[in-house]
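Below is one structure, written out as structure tokens; the observations come after it.
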Number of protein chains: 2
Amino acid sequence: MSTLHRTLALCLVSLAAVAARADEGMWTFDNPPRERWKQVYGFEPTKAWLDKVRLASVRFMDGGSGSFVSPDGLMLTNHHVGFQCIQNLSNETSDYVANGFYAASRDKEMPCPGYEVNVLTAMEDVTARLQAAVKPGSDDKAARDARTSESTRLQNECAKGGLRCDIVTLYQGGEYHLYRYKKYTDVRLVFAPEEQIAFFGGDPDNFTFPRHDVDIAFFRAYENGKPAQSAAYLPWSLAGAKQDELVFVSGNPGSTSRLRTMAELHGLRDYAVPVSLRFLERRLKLLNAYAGRGAEQGRRARSLMRNYENAQKAYVGRLKALQDQQAMGAKADAEQQLRGKAGDASPWDAIAAAQKKSNDRFLDVRYVTFNRAPQLLVLASQIVRYTAETRKPNEQRLPEYADAALPAVTNSVLSKAPLYDDFEELLLADWLAEAQEALGPNHPFVKATLGGRAPADVAKQAVANTKLKDVAARKGLLEGGPAAVQSSVDPMLVLARAIDPLNREVRRFYEDEVDAVILRAHEKIAQARWKVFGKTIHPDATFTLRLSYGTVKSFPAEGTQVAPFTTFHGLYDRWASWGGKEPWNLPKRYLDNKAALNLETPLNFVSTADIIGGNSGSPTINRAGEFVGIIFDGNIESLALDFYYSEEVARAVSVDSRGILEALRKVYGATGLADELARR
Amino acid sequence: MSTLHRTLALCLVSLAAVAARADEGMWTFDNPPRERWKQVYGFEPTKAWLDKVRLASVRFMDGGSGSFVSPDGLMLTNHHVGFQCIQNLSNETSDYVANGFYAASRDKEMPCPGYEVNVLTAMEDVTARLQAAVKPGSDDKAARDARTSESTRLQNECAKGGLRCDIVTLYQGGEYHLYRYKKYTDVRLVFAPEEQIAFFGGDPDNFTFPRHDVDIAFFRAYENGKPAQSAAYLPWSLAGAKQDELVFVSGNPGSTSRLRTMAELHGLRDYAVPVSLRFLERRLKLLNAYAGRGAEQGRRARSLMRNYENAQKAYVGRLKALQDQQAMGAKADAEQQLRGKAGDASPWDAIAAAQKKSNDRFLDVRYVTFNRAPQLLVLASQIVRYTAETRKPNEQRLPEYADAALPAVTNSVLSKAPLYDDFEELLLADWLAEAQEALGPNHPFVKATLGGRAPADVAKQAVANTKLKDVAARKGLLEGGPAAVQSSVDPMLVLARAIDPLNREVRRFYEDEVDAVILRAHEKIAQARWKVFGKTIHPDATFTLRLSYGTVKSFPAEGTQVAPFTTFHGLYDRWASWGGKEPWNLPKRYLDNKAALNLETPLNFVSTADIIGGNSGSPTINRAGEFVGIIFDGNIESLALDFYYSEEVARAVSVDSRGILEALRKVYGATGLADELARR
């Protein structure tokens, strides 16, 4: 290719990238893309519109989003976001996961233990205050520490009013904002469908479209024992969205890497993602073999297998995106441009050097940090940590053991979730064996855990002889403090204690030699970007409230166009065309009440809105500020949104407001709930 | 990659290729894969089973397949196979294409002008007789001529009994068989659905699955004015096929290239297919712009656009298959093996040399041979040829102007199909301009057609001043003979006359320097293959009767598994989810009668049977010899079957016997027809 041709090709790529970025953005509510909305869609939201949407949006601390859909504190999120509560409320006689749940009156609504829901009430730019805390001439580590302690001070000061207060790092360190949240801690379950219809199609249909899932769960926020008054709520749209209609998504995307440098993305592409995929493939093979031994083994392995299958699809989608030469080439070109215009390439070089250090230690860090370790070992390590950390002053502890975070830790350590010896042993043996194979016999981690013994022997002995399977024993250790834990000969605790110093070393290495360097460099890159482009881009996702937008739009797949909607007809087609075979079987209610349904009612739909994990449960909203759907997934191509926006094929998937109402009335006879939604 | 690794990789590829060839084969009825059927499926057909299936299979000379489905001569084929008759029988008041047709009693069944249907009654190996006709030491051309005249002699001798007799070249010249057919020439239309449901989803859904088409048309064969007695017919299965069930497809696959050498396939990959795709892209752009000018222009362009869109998808699928490195690598390895074992590489070298000659002239041949030329120019060339050829003795003519073939030519020349000046001019100007751009101003074709003028001027003048738009004028010229045609100053005839000598030269070049050489070489390769492998492979498709088989089977697509069946629910889902937008609109009958349908009835299904174009209309048959479906398409991946078999993703698509019966009874009220099918 001649130079001219190459230049032309690059221009075409850049243009394509610009055009494809059309509806990009997970925007903070203080900086929405007003100009573009006005120019392209003729949409000019008032302050009241933005405020209402923001205050009607809720964050589930378990890791999802939701919205108020009535003035009486009624909230809607996904079944898979509210799953933990639905499962916790189930017991031998009432399996709400399998059979669903409906509180026909408010007194039947059931409190979810440990649930917390947040509403973002205020945002304040505190960048200048945090920068002022850093003494001139500080090195990266000192700068990070100074900022951290000023952050903690600001948060604590703010939290005195009973609010949740978080310092949010935006633009990889370009800005810091103090976010104030109203907290709801009395959250009650109102309605859940059967898991089988929430997750119809199971792992095969996960991350795909056409789709036919009723992935919803209703909760209600209470205050002082009464339903919370939620003046800001999203009225239910009876008309739903139409093809090509502009829609908004308000929710809490968890994490994206769009402003990461190419060095960081190559680290993901060449280390983090492939290594995770290898692990998942190995572990799923093991779990499949175990599950194949019998029904009970299948049941024991089910939850972990589902988790891993989901992760596997997600990583495959991400790897494909990272290997897309055209899209990644466009990103590399953009980086080169900014680097040139910034006049100082040192931040990019600093990141590349730090990333290289990270890459070089990538393999051992997985094991030392208990990444996807078996449950008993995780419990042991939490006990070791808890007892060691809680004797320190609050501000000197690892953040996940600060006072505010302790309830979550004890909740986890004292969980009554059953543990099975054979299953724990299987997983521990394989985890240790994998580490041995990956790191070699002389690696400190391998020496510390195996000490020359075979992984299977270590696992067998540790699982057989540990007392940690007993919740009371775990409780006793937490209460016994460091002396009890340090002197214990419980083999699982011995294993966790052996790993702990390695973990602390790795953690220090990462925090000081990688993260602090990268953070400081990104601050500089962000400043350079403001200078060159102005503040015309959105920050990467941080599991804080964002507003995305796009249009309801079909996409090309398998040689044809996928329709933007599915209907109940599609649900019954997929069921019947598989002969009702799992995971395309239907709950009995759907068979019994089929004749009552208007089968042409839209069930799921896709849009080009810019979303990522964490957006699960986000409301899809029309111009009028009405609820037209609820995000519950993206297609496999949408995983590219972690790294770059594309509206060619990437799509966000919602349950349709019309389908939800039709199911509530005709399948579940949930008249009271449906009336609460449909009243205007 | 080290040598060892490369070798290992090759082995894996070869093994994969072997495994994937599992259910390969378009078998002649005299050599079915009995051993494999027995071993893998426990199926051992009797002679009676094979005879019944063969005699129940019909070939539509228009280019499709079909079957007898009642003892009273009732035949089923695809709507798109029977389209010409349905269109010919339509008129201003009765548009059977748009509205469908049903003869509620036999006296309402309408004869299809010019239709001929064949039943294969006997096959005879005449290889030795044809080889004996070739004098030892003959060159390729002389050998070809000797065989051709012996073929003609055998065919004529056989045809004296009123049969259709064809010499069929199998294994690219490895064998010659004399096929005897019973002919039915009184073929009447019994039932046709609306084109919209036969081709539901239009071009977007073409070559895809899931699919929801009722692509069927019923005809009846008559003899002596009475329904033919078809003792061999396929009883209708009311139970249909099940997932993973063994099924057979009996039909007339048109053409495949599996036994072609790599040199020939590379010619397709690098010349024929990409050049065709470039042409189609250019022409579709032109047609889209023309159709965009108004409704009438859209109507005029519609049929050609559909034809080109279909061809475009087909070529894209083929190109992808030819570019598949793993599959093509396996083919190359297999060729190397055979070449090594044959002990004589000269046939492969001869083919490569002939193919190179063909490649070198590929571009100009397209134009000189009127490939996809506009209709008026084609008519002109047929008139020029007809008058020149018919004055020669029958055996010296170009075969397409032999006495037996003349009715087809006059039928075409005297067709009353409307011609539109603006449309013809548009296409002629573009065809000439494209030739000028591709061949350059000094090419003999460009000089002969343009003579220095602009393509647009030549087209404008030729279309404006030709008399050939008038059927009577065309008739007059056919009757006027060569003198009238050679002396005519009609500009379209002048254009056709200018191209004619170039065409004859190219034709001679191809026949003598390419085809004759390749045919002779393939004879030798076939002999070598018999020696090495025995007669364990099937011959390439030749639009003669073959038996394929496979299982009803889902396939992976877009991250999930496509169900093996679709149902009426799926049809209504696709309609409703597009909001009834064309091409997903439904005929009124389907809206009016929806409530009467059992929507869970299977409508279409896929199998791994080995098919290709020409199989359209083939019955899908179960072990019991019952009709369970009718082939009407393959998915886009099935186009690879032109070059190699694969059951990973390639699938044949059938209409389900249950769906047909449900539609006949509930949508069309075609009770008499449904009863004729369902009686046993």
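Just so you know, in the range A:378-402 the residues that are in a helix (DSSP H, G or I) and within 24 Å of the chain's Cα centre (by Cα) include one that is nearest to A:LEU154 (Cα to Cα), and it is A:PRO399. Here A:PRO455 fits the description: within 18 Å of A:LEU502 (Cβ to Cβ) and out of contact with any Cys (no Cβ under 8 Å at 6 or more places or on another chain). Suppose we keep only residues that are in contact with a Gly (Cβ under 8 Å, 6 or more places away or on another chain) and either within 18 Å of B:ALA640 (Cβ to Cβ) or not hydrophobic (A, V, I, L, M, F, W, C) (or both) within the range B:207-218. Which one would you say is surrounded by the most Cβ atoms within 10 Å (Cβ to Cβ)? Among residues in the range B:207-218 that are in contact with a Gly (Cβ under 8 Å, 6 or more places away or on another chain) and either within 18 Å of B:ALA640 (Cβ to Cβ) or not hydrophobic (A, V, I, L, M, F, W, C) (or both), the one surrounded by the most Cβ atoms within 10 Å (Cβ to Cβ) is B:PRO210. Picking from residues in the range B:299-357 that are within 19 Å of B:HIS522 (Cβ to Cβ) and acidic (Asp, Glu), the one that is least open to solvent (accessible area, probe 1.4 Å) is B:GLU335.
Is it the case, given these coordinates, that A:VAL532 is farther than 30 Å from A:LEU259 by Cα and either modelled with pLDDT under 95 or crowded, with 17+ Cβ neighbours inside 10 Å (or both)? No, not satisfied. Any residue that is facing another protein chain (nearest Cβ under 10 Å) and not in a strand (DSSP E or B) - is there at least one of those in the range B:615-625? So far as the range B:615-625 goes, no, none of its residues is facing another protein chain (nearest Cβ under 10 Å) and not in a strand (DSSP E or B). Take A:LEU363 and decide whether it is touching a residue at least 40 places away in the same chain (Cβ under 8 Å) and open to solvent by less than 30 Å² (accessible area, probe 1.4 Å). Taking the combined requirement at face value, the residue does not satisfy it. Of all residues in the range B:58-76, those that are in contact with an Asp or Glu (Cβ under 7 Å, 6 or more places away or on another chain) and either part of a strand (DSSP E or B) or open to solvent by less than 10 Å² (accessible area, probe 1.4 Å) (or both) total 2. With respect to A:ILE383, determine if the residue is over 30 Å from A:ALA301 (Cβ atoms), out of contact with any strand residue (DSSP E or B) (no Cβ under 8 Å at 6 or more places or on another chain) and at pLDDT 95 or above. For A:ILE383, the condition - over 30 Å from A:ALA301 (Cβ atoms), out of contact with any strand residue (DSSP E or B) (no Cβ under 8 Å at 6 or more places or on another chain) and at pLDDT 95 or above - is not met. Among the residues of the range B:548-598, those identified as within 30 Å of B:VAL40 (Cβ to Cβ), more than 8 Å from chain A (Cβ to nearest Cβ) and open to solvent by 30 Å² or more (accessible area, probe 1.4 Å) are B:LYS553, B:PRO556.
Of the residues making up the range B:663-677, those that are more than 16 Å from B:HIS212 (Cα to Cα), open to solvent by less than 10 Å² (accessible area, probe 1.4 Å) and part of a helix (DSSP H, G or I) number 3. One residue is enough: does the range B:134-144 have a residue meeting the conditions surrounded by 17 or more Cβ atoms within 10 Å (Cβ to Cβ) and closer than 30 Å to B:ASN411 by Cβ? Yes.
Residue-wise test of (1) under 20 Å from A:ALA98 (Cβ atoms); (2) free of Cβ contacts under 8 Å to residues at least 24 places away in the same chain; (3) touching a His at 6+ places or on another chain (Cβ under 7 Å).
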position: A:GLN155; (1), (2), (3): no, yes, no
position: A:CYS158; (1), (2), (3): no, yes, no
position: A:LEU163; (1), (2), (3): no, no, no
position: A:GLU175; (1), (2), (3): no, no, no
position: A:GLU194; (1), (2), (3): yes, no, no
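Of all residues in the range A:146-203, exactly one satisfies the criterion of being out of contact with any helix residue (DSSP H, G or I) (no Cβ under 9 Å at 6 or more places or on another chain), open to solvent by less than 40 Å² (accessible area, probe 1.4 Å) and over 29 Å from A:PRO111 (Cβ atoms), namely A:VAL168. Within the range B:626-648, the only residue that satisfies the criterion of being surrounded by fewer than 21 Cβ atoms within 10 Å (Cβ to Cβ) and at pLDDT 95 or above is B:GLU626.
Filter the helices (runs of 4 or more DSSP H) completely within the range B:420-482 down to those with at least 3 residues that are open to solvent by 20 Å² or more (accessible area, probe 1.4 Å) and touching a residue at least 24 places away in the same chain (Cβ under 8 Å).
Of the helices (runs of 4 or more DSSP H) lying wholly inside the range B:420-482, those with at least 3 residues that are open to solvent by 20 Å² or more (accessible area, probe 1.4 Å) and touching a residue at least 24 places away in the same chain (Cβ under 8 Å) span B:421-439, B:455-465.
For the range B:35-46, taking the residues that are outside any loop (DSSP other than H, G, I, E, B) and over 29 Å from the mean Cα position of the chain (by Cα), the one that is nearest to B:VAL247 (Cα to Cα) is identified as B:TYR41. Screening the range B:599-610 for residues that are polar (S, T, N, Q) and outside any strand (DSSP E or B) and picking the one that is farthest from the other protein chains (Cβ to nearest Cβ) gives B:THR608.
When A:ARG520 is tested against the conditions (1) open to solvent by 10 Å² or more (accessible area, probe 1.4 Å); (2) in the same structural domain as A:ASP244 (by TED's automatic domain parsing), the lone failure is (2). Taking A:ILE660 as the residue in question, decide whether it is touching a residue at least 24 places away in the same chain (Cβ under 8 Å), in a helix (DSSP H, G or I), of a type outside the set (Ser, Thr, Tyr) and more than 12 Å from every other protein chain (Cβ to nearest Cβ). So A:ILE660 fits the description; yes.
The values are calculated or read from the model by the stated rules, or taken from the named source; none is laboratory data. Keep in mind that this is a model prediction, so the values were computed, not measured. When we count neighbours, we look across all protein chains shown, and the Cβ atoms used for this are built from the backbone with ideal geometry, even at glycine. When the accessible area is computed, the model is the full protein with side chains, heavy atoms only, and any ligands, DNA or RNA have been set aside. Shrake-Rupley method; radii C 1.70, N 1.55, O 1.52, S 1.80 Å.
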